[in-house]
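Enquirer: Below: one structure in structure tokens.
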Amino acid sequence: MAESARLARPTLGWKDFEEMLGSELISVTGGLLAGTMLTFATGQIALVPGLFILLPGFLEMRGNISGTLAARLGSGLWTGALQPRIRRNRILRGNLVADIVLAVAVSAVLGIVAYLASSVLFGINNVALIYVAVIAGVLSTVIEIPATVLVTFWFFKHGHDPDNIMGPYVTTMGDIISITSLLAAMIVVM
């Protein structure tokens with residue numbers, strides 16, 4: 001019994017290592033890009049009082065929501081419960097609806113928390129924080145969720161393990177898209 005359990009255990013192969021290494025290198029490079037973008041945008045972000053309170057939670061939210069979506073899709077693909085196609089895919093549709101609702105709701109909550117924190121801690125009454133958070137949440141969701149689905153399916157169709165690749169990829173993509181979406185939302189609101 002112990003012998004069969006030992007043999008059934010999956011092993012880490014060279015292909016898995018290459019996939020993980022490649023995704024981590026992309027993650028580090030993308031993280032540097034996101035940090036550079038944030039450095040150049042610090043002046044604009046400082047113009048909206050309280051936005052620095054919103055920023056960490058907003059950046060973390062995008063990677064978490066898309067990361068869990070990629071993990072659910074990867075699990076569904078490997079178990080055969082999900083087919084890598086967009087049309088007539090009930091499981092995919094349910095995941096997309098859940099992620100969109102979650103992203104917009106959490107963006108609104110983050111905006112409200114940032115507004116309340118800046119109001120209580122600094123005496124700054126800036127309702128624009130809520131609008132910036134919601135608009136940036138919608139913009140980043142419209143970009144990141146379809147990209148996550150398409151890339152997860154693409155990797156799976158081409159023989160790669162999405163579980164090895166998608167975590168670092170969507171986290172980095174989320175940081176870059178979130179910073180860009182926040183700057184775009186600031187332009188719209190201000």
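The values are calculated or read from the model by the stated rules, or taken from the named source; none is laboratory data. Keep in mind that this is a model prediction, so the values were computed, not measured. For neighbour counting, all protein chains shown are included, and Cβ atoms are generated from backbone atoms with ideal geometry for every residue, glycine included.
Enquirer: Here is a list: 111, 123, 94. Which entry is under 20 Å from residue 67 (Cα atoms) and not aliphatic (A, V, I, L, M)?
Expert: Working: 111 fails: under 20 Å from residue 67 (Cα atoms); 123 fails: under 20 Å from residue 67 (Cα atoms).
One residue alone meets the criteria, 94.
Enquirer: Within segment 36-52, take every residue that is aliphatic (A, V, I, L, M) and not in a helix (DSSP H, G or I) and give me the one that is nearest to residue 110 (Cα to Cα).
Expert: Restricting attention to segment 36-52, the residues satisfying the condition of being aliphatic (A, V, I, L, M) are 37-38, 41, 45-48, 51.
Those still in the list that are not in a helix (DSSP H, G or I) too: 47-48.
Numbers: 47: 19, 48: 15 Å.
By that ranking, first place goes to 48.
Enquirer: Are any of the residues in segment 137-149 under 15 Å from residue 59 (Cβ atoms), in contact (Cβ under 8 Å) with a residue 40 or more places away in the chain and aliphatic (A, V, I, L, M)? Write out each step before concluding.
Expert: Going through segment 137-149, the residues under 15 Å from residue 59 (Cβ atoms) turn out to be 137, 139-141, 143-144.
Pick out the ones that are also in contact (Cβ under 8 Å) with a residue 40 or more places away in the chain and you get 137, 139-141, 144.
Applying the additional criterion that residues be aliphatic (A, V, I, L, M) yields 139.
There is at least one residue in segment 137-149 that is under 15 Å from residue 59 (Cβ atoms), in contact (Cβ under 8 Å) with a residue 40 or more places away in the chain and aliphatic (A, V, I, L, M).
Enquirer: Can you name the residue in segment 64-93 that is touching a residue at least 12 places away in the same chain (Cβ under 8 Å) and outside any helix (DSSP H, G or I) and, of all such residues, is surrounded by the most Cβ atoms within 10 Å (Cβ to Cβ)?
Expert: In this case the residue turns out to be 84.
Enquirer: Output yes when any residue across segment 103-117 is closer than 22 Å to residue 28 by Cβ and of a type in the set (Phe, Trp, Tyr), and no when none is.
Expert: To start, the set of residues in segment 103-117 that are closer than 22 Å to residue 28 by Cβ comprises none.
No, because not a single residue in segment 103-117 is closer than 22 Å to residue 28 by Cβ and of a type in the set (Phe, Trp, Tyr).
Enquirer: Please find, among 85, 62, 90, the residue that is under 29 Å from residue 156 (Cβ atoms) and touching a Ser or Thr at 6+ places or on another chain (Cβ under 6 Å).
Expert: Details: 85 fails: touching a Ser or Thr at 6+ places or on another chain (Cβ under 6 Å); 90 fails: touching a Ser or Thr at 6+ places or on another chain (Cβ under 6 Å).
Just a single option satisfies the conditions, and that option is 62.
Enquirer: Here are the criteria: (1) under 22 Å from residue 41 (Cα atoms); (2) surrounded by fewer than 20 Cβ atoms within 10 Å (Cβ to Cβ); (3) at pLDDT 90 or above; (4) not basic (Lys, Arg). Tell me which single one residue 130 does not satisfy.
Expert: The one condition residue 130 does not meet is (2).
Enquirer: Quick test for you: out of 110, 25, 55, 96, pick the one residue that is assigned to a helix (DSSP H, G or I), closer than 21 Å to residue 147 by Cβ and in contact (Cβ under 8 Å) with a residue 40 or more places away in the chain.
Expert: Working: 110 fails: closer than 21 Å to residue 147 by Cβ; 25 fails: in contact (Cβ under 8 Å) with a residue 40 or more places away in the chain; 55 fails: closer than 21 Å to residue 147 by Cβ.
Exactly one of 110, 25, 55, 96 is assigned to a helix (DSSP H, G or I), closer than 21 Å to residue 147 by Cβ and in contact (Cβ under 8 Å) with a residue 40 or more places away in the chain, namely 96.
Enquirer: Continuing with the same structure: Please state which of the following conditions residue 119 fails to meet, knowing it meets all the rest: (1) in contact with a helix residue (DSSP H, G or I) (Cβ under 7 Å, 6 or more places away or on another chain); (2) of a type in the set (S, T, N, Q); (3) in a helix (DSSP H, G or I).
Expert: Residue 119 satisfies all of (1) in contact with a helix residue (DSSP H, G or I) (Cβ under 7 Å, 6 or more places away or on another chain); (2) of a type in the set (S, T, N, Q); (3) in a helix (DSSP H, G or I) except (1).
Enquirer: Taking residue 135 as meeting all but one of (1) surrounded by fewer than 20 Cβ atoms within 10 Å (Cβ to Cβ); (2) in contact with a helix residue (DSSP H, G or I) (Cβ under 8 Å, 6 or more places away or on another chain); (3) modelled with pLDDT of 95 or more, write down the number of the exception.
Expert: (1)
Enquirer: OK, next. Taking residue 150 and the conditions (1) under 19 Å from residue 23 (Cβ atoms); (2) modelled with pLDDT under 90; (3) surrounded by fewer than 20 Cβ atoms within 10 Å (Cβ to Cβ); (4) not aromatic (Phe, Trp, Tyr), which numbered condition does it fall short on, given that it satisfies the others?
Expert: (2)
Enquirer: From (1) crowded, with 18+ Cβ neighbours inside 10 Å; (2) in contact (Cβ under 8 Å) with a residue 12 or more places away in the chain, pick out the condition that doesn't hold for residue 161.
Expert: (1)
Enquirer: Which one of the conditions (1) of a type outside the set (S, T, N, Q); (2) at pLDDT below 90; (3) more than 14 Å from the chain's Cα centre (by Cα) does residue 157 fail to meet, given that it meets all the rest?
Expert: Result: residue 157 passes all but (2).
Enquirer: Just one of 60, 19 is touching a residue at least 60 places away in the same chain (Cβ under 8 Å) and among the charged types (D, E, K, R); which is it?
Expert: Working: 60 fails: touching a residue at least 60 places away in the same chain (Cβ under 8 Å).
That would be 19, the only listed residue that is touching a residue at least 60 places away in the same chain (Cβ under 8 Å) and among the charged types (D, E, K, R).
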